[in-house]
């Protein structure tokens, strides 16, 4: 496989591409590198490859022309001018690119030739991307001095998948991410080091048992370190799911309570008002509360009638006839408490946990700016109370109790008219997903 | 700032750390590198640093001891043996680590000294992490030959944030991710290249207008290339949100329809049955449908009575008195259609789009294995019909029409008893989030 590297710093690659496994792969002609410096395609006295940006600001921007000339020598021409598609992949390392993943590495490893363009300084003049069929690839959400270090990661991740690159043919396939999971722990000599032994199963000689242990450790490592991978990418078997269920995990939800406030809220004229309880709100919220293993949920109303109604509803399902018909519903509704005011809810959480909860409000409109990642951080060390309003939203005195409000769901759309039941389900899922 | 690099391949770093800005920073003593080869801490004749893993399998695993000796010389000792915490950060590059982000780079740039451990082959004996207070950091979800290439990315992302590293002081702060967004496009000379000009605003000389244009382009680039960043990380102002609302975007939801099936479903004895429509199901689902700009939603029942009821409900809100009281609700319910069967729904989508939809079912239990990323890929090029059941789940004949079932929500928990209203809200949000 041939890599063309378009770079202002060809010497950057000297040592990484000539040592270790990569050096051997070059010797064995498994990979070859053609380094091309755009500077050698300049004609002016200073051999300029860049200039200050239009519009001002720091740094320098690379010219298109020297890169275009270098590509021309590789048979790659701008499609905009009717040039033929060369069929060769042209990749630019850029933070805005498609993230490099193991599956992208596998895809690229099937090519015979790839051209990698490394930008430097503030990047390349934007017209480069207008003219050429460039695929942007990002190696991660961090800023580098230029594309070179990212190109090195890309080259290594791709080259090691080529036949004969690794000493052992299998070695390339059993690693982290190859199966969508992180790797299990490895052990080697000595059998005891600083008082620590090696798991017995590994010396059992029973390959099926060792395989099972390793798969289970992979699942546990992934759940502990990168739980979000499990929800969106992993290829899990039924046995995997059963093992995950039995694995203890960080349950951020046990620090999360939620409250549905019926007073004080706003009516459609923006006045302070009380809203009646809705039977199905309590049902749906309590089912979310139980499904996500929350600390509990509160219905807030100071109206005696309404409190009696709520208590009757809850006891029907938790103690009365409902509890026999549907024990799952009993478990859900047993997480519900009715309180006179949000202050009472806060006092109750403080009594139970010894800590005052961080209060986070929600709103369909409004200027909320909190994001789920921030709330997850709080949940790591403190109880959090998530507050939902009925009617036309929470009254200002409730908003003032909170550290802030979550950014509205679908904040990029004008239309925002979800039921509170839907908003609760979506918000809790955004905070906790499958794994937290 | 001092980097200790523990690596079996110290020469890997020769050229990248001695050229360009990094080379200058070393000369100016802004950064220094102390490369340590664990092999020099071995005493046997072969200078062994690794061996085959216990339990078999490909590759070699690194011994703890040579690394421990190298760390001892740096004043870092195992905490397990009562050794003092050195206060110096010990980082190992590993796929299971905390992902390297710009904010982690900023955090590390505040240190005076960091020790980076680069594993090779299959990694380091797991007891290393048991003994030392190692922080694992991952540069991305791809597999490399060892920690060296990742260490290089980490070093570069951290070093460039040090005072005086960059030529221009500002240059380090205005890049991609510094503000939580991707960067705006840059332009430099010539003013016209291959028929393409430079945006006029950049030559206006009006800095406020240029700043505004650049911020807007950053938002647009992020929305087009990495929309998920906007939901979970970006620090957005009110103006940003307004600009995002006015920016056209890839709306995968316009290819998504959903159906709530009332027949054929299962009753609690596992027999085929019909379930009555629930008013609030239709309301809540239609509000999700409209909020996420779906192609539409269908209520499926062949029972004449029930169809009349649904039509009456819908027309009350879309044409009758309800439409005047609550025009938002009218918009939601106008996305609802009532059909006799799922076949009729499929035929309707086929008539409207010219393509047969990909049918995806959902279930609270069951062995569904589809993940949201897969469904999003289908949505890029085809209509998708997402099917929800009532009662005790969809009948087998419906499941047979589908390519597969989504993995159940909260699949790692035994308790799974969400309302269909909650399941719809969560599922659609997992597919489309804020940005799609």
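Quick notes
- Residue within the stretch A:383-395 that is out of contact with any helix residue (DSSP H, G or I) (no Cβ under 7 Å at 6 or more places or on another chain), farther than 15 Å from residue A:253 by Cβ and within 11 Å of another protein chain (Cβ to nearest Cβ) present: no
- Entirely in the stretch A:268-325, the helices (runs of 4 or more DSSP H) that have 3 or more residues that are touching a helix residue (DSSP H, G or I) at 6+ places or on another chain (Cβ under 7 Å), surrounded by 13 or more Cβ atoms within 10 Å (Cβ to Cβ) and free of Cβ contacts under 8 Å to residues at least 24 places away in the same chain: A:304-318
- From B:246, B:225, residue being under 18 Å from the mean Cα position of the chain (by Cα) and within 10 Å of chain A (Cβ to nearest Cβ): B:225
- In the stretch A:58-80, the count of residues that are without any contact (Cβ under 8 Å) to a residue 12 or more places away in the chain and within 19 Å of residue A:12 (Cβ to Cβ) is zero.
- Among the residues making up the stretch B:79-97, those that are at the interface with chain A (Cβ under 8 Å from one of its Cβ atoms) and either part of a strand (DSSP E or B) or modelled with pLDDT of 95 or more (or both) are B:95, B:96, B:97.
- Residue match in the stretch A:250-258 (condition: surrounded by 14 or more Cβ atoms within 10 Å (Cβ to Cβ), under 30 Å from residue A:314 (Cα atoms), more than 22 Å from the chain's Cα centre (by Cα) and within 14 Å of chain B (Cβ to nearest Cβ)): yes
- Odd one out for residue B:76 among (1) more than 11 Å from chain A (Cβ to nearest Cβ); (2) surrounded by fewer than 20 Cβ atoms within 10 Å (Cβ to Cβ); (3) outside any strand (DSSP E or B); (4) more than 35 Å from the chain's Cα centre (by Cα): (2)
- For residue B:122: the one exception among (1) in contact with a strand residue (DSSP E or B) (Cβ under 7 Å, 6 or more places away or on another chain); (2) part of a loop (DSSP other than H, G, I, E, B); (3) surrounded by fewer than 17 Cβ atoms within 10 Å (Cβ to Cβ); (4) within 11 Å of chain A (Cβ to nearest Cβ): (3)
- Hits in the stretch B:151-164 (condition: in a helix (DSSP H, G or I) and at the interface with another protein chain (Cβ under 7 Å from one of its Cβ atoms)): B:152, B:153, B:156, B:157
- When residues of the stretch A:15-47 are limited to those that are surrounded by fewer than 16 Cβ atoms within 10 Å (Cβ to Cβ) and assigned to a loop (DSSP other than H, G, I, E, B), the one nearest to the other protein chains (Cβ to nearest Cβ): A:44
- Number of positions in the stretch B:141-150 that are modelled with pLDDT under 95 and in a loop (DSSP other than H, G, I, E, B): 5
- The stretch B:105-115, residues that are within 14 Å of another protein chain (Cβ to nearest Cβ) and either farther than 17 Å from residue B:153 by Cα or assigned to a strand (DSSP E or B) (or both): none
- Selection count where residues are at pLDDT 90 or above and at positive phi, scope the stretch B:173-195: 2
- Filtered residues of the stretch B:49-64 (kept if more than 19 Å from residue B:94 (Cα to Cα) and not in a loop (DSSP other than H, G, I, E, B)): B:51
- Restricting the stretch A:193-222 to residues that are surrounded by 16 or more Cβ atoms within 10 Å (Cβ to Cβ) and either part of a loop (DSSP other than H, G, I, E, B) or in contact with a strand residue (DSSP E or B) (Cβ under 8 Å, 6 or more places away or on another chain) (or both), the residue that is farthest from the other protein chains (Cβ to nearest Cβ) is A:222.
- Of the helices (runs of 4 or more DSSP H) that lie entirely inside the stretch A:327-436, those containing 2 or more residues that are crowded, with 19+ Cβ neighbours inside 10 Å, touching a residue at least 12 places away in the same chain (Cβ under 8 Å) and within 20 Å of the chain's Cα centre (by Cα) span A:372-381, A:420-432.
- Contacts under 6 angstrom Cβ, first residue in the stretch B:159-174 being more than 16 Å from residue B:108 (Cβ to Cβ), partner at pLDDT below 55, 6 or more apart: B:166/B:172
The values are calculated or read from the model by the stated rules, or taken from the named source; none is laboratory data. Keep in mind that what you see is a predicted model, and the values were worked out from it rather than measured. Using ideal geometry, Cβ is built from the backbone for each residue, glycine included, and neighbour counts are taken over all protein chains shown.
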